[in-house]
Amino acid sequence: MSVISIEDIENSTNKTVNYKFEEKIDGIDSVGPVCADLELKSLGDFIEVKGHVECILKLECDLCLKEFEYKLDFDVDEMYAKYALQEEYSQETEIKEGQFITDLNGEDKIDIYDLLYQSVILNIPNKKVCGINCNGNKFLKEEDLSDPRMEIFKNIQIDK
């Protein structure tokens, strides 16, 4: 597991740790490893994780059901609260739109493996299409109509 100790971040130069990740992640069907260059920085009561992630995923096209490769290329910008979020914090921190704070609940480590797993899953497109020219499997092709169960569809008339 890839974890970074908060103590290591606090004791590093400028309270910043650079971390390079290059591994396969269980539950993610990728061609090669998930590659990430991350910077973890202590901001008092918070830890900020910024960086860039790249990988090539094997996805199934929603239209034609063929497997295809999809390149993911995105930035990570996460905040972690060192202490319980209900407590008063000694400093103010601006949260940008779309940014969430993960409560570490007193944990002394940040799980990079889990962060990257969640980030990759959230960046997979909702509609997975193998290419702009994919028109999917035509659902009622002529050969499909030879199936006796499809006989009823031959004579459907739609009134406009």
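No lab work stands behind these numbers, since they all come straight from the coordinates. The model shown is predicted, which means the values in this text are computed figures rather than measured ones. Note: ideal-geometry Cβ built from the backbone for every residue, glycine included; neighbour counts use all protein chains shown.
Whole-Hz Karplus values for the stretch 61-69 come out as 5, 5, 8, 9, 6, 7, 7, 9, 9 Hz, taken residue by residue from phi with 6.51 cos²θ - 1.76 cosθ + 1.60 and θ = phi - 60°; glycine and proline positions read x. Amide H to amide H, with H built 1.01 Å from N, Asp103 comes under 5 Å of Ala81, counting only residues 5 or more places away or on other chains.
Arg149 to Asn105: extension gain in nm, 0.36 nm per residue of separation minus the Cα-Cα distance?
Values: separation 44, 0.36 × 44 = 15.84 nm, distance 5.85 nm.
Working it through step by step, the gained length comes to 10.0 nm.
For Ser2, what charge total do you get from the other residues with a beta carbon under 11 Å from its beta carbon, if Lys and Arg give +1 and Asp and Glu give -1? Let's see the in-between values first.
Working: positive: Lys20, Lys109; negative: Glu22, Glu23, Asp111, Asp114.
Charge balance in the 11 Å sphere: -2.
Residue-wise HN-Hα couplings along the stretch 29-41, as the Karplus relation 6.51 cos²θ - 1.76 cosθ + 1.60 with θ = phi - 60° gives them from phi, are 8, 10, 5, x, x, 7, 10, 9, 10, 10, 10, 10, 9 Hz; Gly and Pro carry x. What is the set of long-range amide H partners of Ser30 at a cut-off below 5 Å, with H atoms built 1.01 Å from backbone N? Amide H neighbours of Ser30: Lys58.
For the peptides 16-26, 73-83, 125-135, the ranking by mean Cβ contacts within 10 Å, running from highest to lowest, is 73-83, 16-26, 125-135.
Between amide H atoms placed 1.01 Å from N, distances below 5 Å from Lys128 occur with Asp62, all of them 5 or more places distant or on a separate chain.
Ordered from longest to shortest, the equivalent ellipsoid semi-axes for the stretch 9-66 are 34, 12, 8 Å, each the square root of 5 times a Cα gyration tensor eigenvalue.
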